[in-house]
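Read the structure below first, then the notes.
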Amino acid sequence: MRSKDKISYFYDGDVGSVYFGPNHPMKPHRLCMTHHLVLAYDLHKKMEIYRPHKAYPVELAQFHSADYVEFLHRITPDTQHLFANELAKYNLGEDCPVFENLFEFCQIYAGGTIDAARRLNNQLCDIAINWAGGLHHAKKCEASGFCYINDLVLGILELLKYHARVLYIDIDVHHGDGVEEAFYFTDRVMTVSFHKYGDMFFPGTGDVKDIGEREGKFYAINVPLKDGIDDNSFTRLFKTIISKVVEMYQPGAIVLQCGADSLAGDRLGCFNLSIDGHAECVRIVKKFNLPLLVTGGGGYTKENVARCWTFETGVLLDTQLPNEIPENEYIKYFAPECLLNIPNGHIENLNSKSYLSTIKMQVLENLRCIQHAPGVQMQEVPPDFYIPDFDEDEQNPDERMDQHTQDKQIQRDDEYYDGDNDNDHNTDM
């Protein structure tokens, strides 16, 4: 057991100020709420806080096609009407709208995940957190499911410079299709996604039979679930599968996507997980004591997203948080109870014991087919495009935080409604 995990946490106040538009469920403002809750619980005093660099187009093009990156860079709400063909080609529109500062938003959240991976690679921390990251649906040449740039793929590519094998785990309610697709043909990355599957639920992929191809055969694992899964069923299945995965695959590093739309009461989700149940997955992964990159992901009931990721920051810091939420900038969102924990959901659990047992047996059977930890001939490590210049001796954590508390504190008037903290309302013009 390591004596005390060193944790790096990435945040830029500008991510919370972007607005996808009225009635769009994705609200980056949830990131401001999370950060202020982290500050209110004094968690910033136990970790190093960094503002990420804005990822350069050339860094984004390590995975995405250069023409797609260039188009994201160029397009604005004012000019989009001139590019109907390209918008269709790159899947920009209703789910993935063009909004003000779109490219900068992508640069910040992707920069956070890339920086997190580099700090892990350089052994400057044991755990790196970027709650703004985790946008797992984006594809090489197109946006998808509210995701434009796939920061997870970029972070994993960075980790692969130093690690022969990287394990990717996804507990978002939606299948981690973009990450799986990117590494479907390689054994260097094992992807494991626990998600709702069936009933035309987005994105429609992630069947237990999808296991990877060619060199990647058996290195993609899908755990398709039905509505209403609860803490007990989910965490038992998670622990059984992930323990076996780590034993068989022996990864050098883990990336954990903590999408909070798998929580009970999510606006787009259909599971019954409590925050403690969701966080139990984080506890389980942390115990492997491997370099760990943690990101956010989905999550569309803003106040519960902030609760969840703050609680999980506490878990990563081995710090138990009082249930009563301290006074903070966004306290009214957590009213009237102002408590950290949320009640369990009441959706009927359609996951029978026999269904879960069948899925578990199929997954474990596939795991038996992999060679014990594939070997990789490691080449000379390619240089980082950009390594943040951290002089550990010169940086005073207090000063670093000081600059951080001055981050823009954005509170959008058009995103708060009495008695309905999450849904946009139609307003008469």
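The values are calculated or read from the model by the stated rules, or taken from the named source; none is laboratory data. This one's a predicted model, so the numbers in the text were calculated from it and none came from an experiment. Cβ placement follows ideal geometry from the backbone for every residue including glycine, while neighbour counts extend to all protein chains displayed. SASA here: full protein model, heavy atoms, side chains in, ligands and nucleic acids out. Shrake-Rupley method; radii C 1.70, N 1.55, O 1.52, S 1.80 Å.
Explain nothing, just the number: dipole magnitude of region 225-345 about its Cα centre with +1 on each Lys and Arg Cβ and -1 on each Asp and Glu Cβ, in debye rounded to the nearest 20. Spell out each step's value before the answer.
Working: 11 positive and 15 negative charges, 89 e Å.
Charge dipole, region 225-345, about its Cα centre: 420 debye, nearest 20.
Roughly how many percent of the accessible protein surface of region 164-312 is carbon and sulfur, given a 1.4 Å probe and a whole-percent answer? All intermediate terms of the calculation are to be shown ahead of the outcome.
On the way: 2010 of 4150 Å².
The computed percentage sits at 48.
Which links in Lys196/Lys287; Lys45/Lys196; Lys27/Lys353; Lys6/Lys139; Lys6/Lys217 stretch past 30 Å when you go from one Cα to the other?
Details: Lys196/Lys287 26 Å; Lys45/Lys196 37 Å; Lys27/Lys353 36 Å; Lys6/Lys139 32 Å; Lys6/Lys217 35 Å.
From the list (Lys196/Lys287; Lys45/Lys196; Lys27/Lys353; Lys6/Lys139; Lys6/Lys217), the Cα-Cα distance tops 30 Å for Lys45/Lys196; Lys27/Lys353; Lys6/Lys139; Lys6/Lys217.
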- Item | Dipole of the chain, positive end: most advanced residue of Val255, Ala110, Leu31 [Cβ charges, Cα centre] | Val255
- Under-5 Å amide H pairs with Val255, H placed in peptide plane, nonlocal only: Leu167, Tyr168, Ile169, Leu293
- Item | Lys/Arg +1, Asp/Glu -1 at C-beta; region 7-369 dipole; positive extreme among Cys125, Asn91, Phe311 | Cys125
- Query: Where the only charges are on Cβ atoms (+1 Lys, Arg; -1 Asp, Glu), what is the dipole of the chain about its Cα centre, to the nearest 20 debye?
  - Reply: 1740 debye
- Item | Dipole of the chain, positive end: most advanced residue of Tyr50, Gln320, Gln80 [Cβ charges, Cα centre] | Gln320
- Message: With a 1.4 Å probe and all protein chains left in place, how much accessible area per residue does the chain have, in Å²?
- Response: 41 Å²
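How do the peptides 8-17, 28-37, 243-252 rank, highest first, by the average count of neighbouring beta carbon atoms within 10 Å per residue?
On the way: 8-17: 23.7, 28-37: 25.4, 243-252: 17.3.
The peptides rank, most packed first, as 28-37, 8-17, 243-252.
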- Query: What's the Kirkwood radius of region 80-236 in Å, using all Cα pairs?
  - Reply: 16.8 Å
- For Ile325, enumerate residues with amide H under 5 Å from its amide H, sequence gap 5+ or separate chain, H modeled in the peptide plane. Leu339, Leu340
- Output the Kirkwood hydrodynamic radius of the chain, Cα pairs only, in Å rounded to one decimal. 21.7 Å
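Using unit Cβ charges (K, R positive; D, E negative) and no other charged atoms, how large, in debye to the nearest 20, is the dipole of region 49-158 about its Cα centre? The partial results should precede the final answer.
Numbers: 8 positive and 14 negative charges, 54 e Å.
Its charge dipole is roughly 260 debye.
Using only helices, what value at 222 nm comes out for the chain when you add -39,500 (n - 2.57) per DSSP H run of length 4 or more and divide by the total residues, to the nearest 500 deg cm²/dmol? Mind dumping the intermediate values first?
On the way: 12 runs with 136 residues, N = 429.
So the calculated ellipticity at 222 nm is -9500 deg cm²/dmol.
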- Query: How far apart, in nm, are two points set 7 Å out from the Cα along the Cα-to-Cβ line at Gln62 and at Glu94?
  - Reply: 3.5 nm
- Task: Mind checking the full-extension length gain between Leu350 and Gln250? Use 0.36 nm per residue of separation minus the Cα-Cα distance, one decimal, nm.
- Result: 32.7 nm
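Let me have the relative contact order for the chain, percent, based on Cα pairs under 8 Å that are six or more residues apart. Walk me through the intermediate numbers first.
On the way: 843 pairs, mean separation 83.0, N = 429.
Taking the mean separation of contacting Cα pairs over the length of the chain, I get 19 percent.
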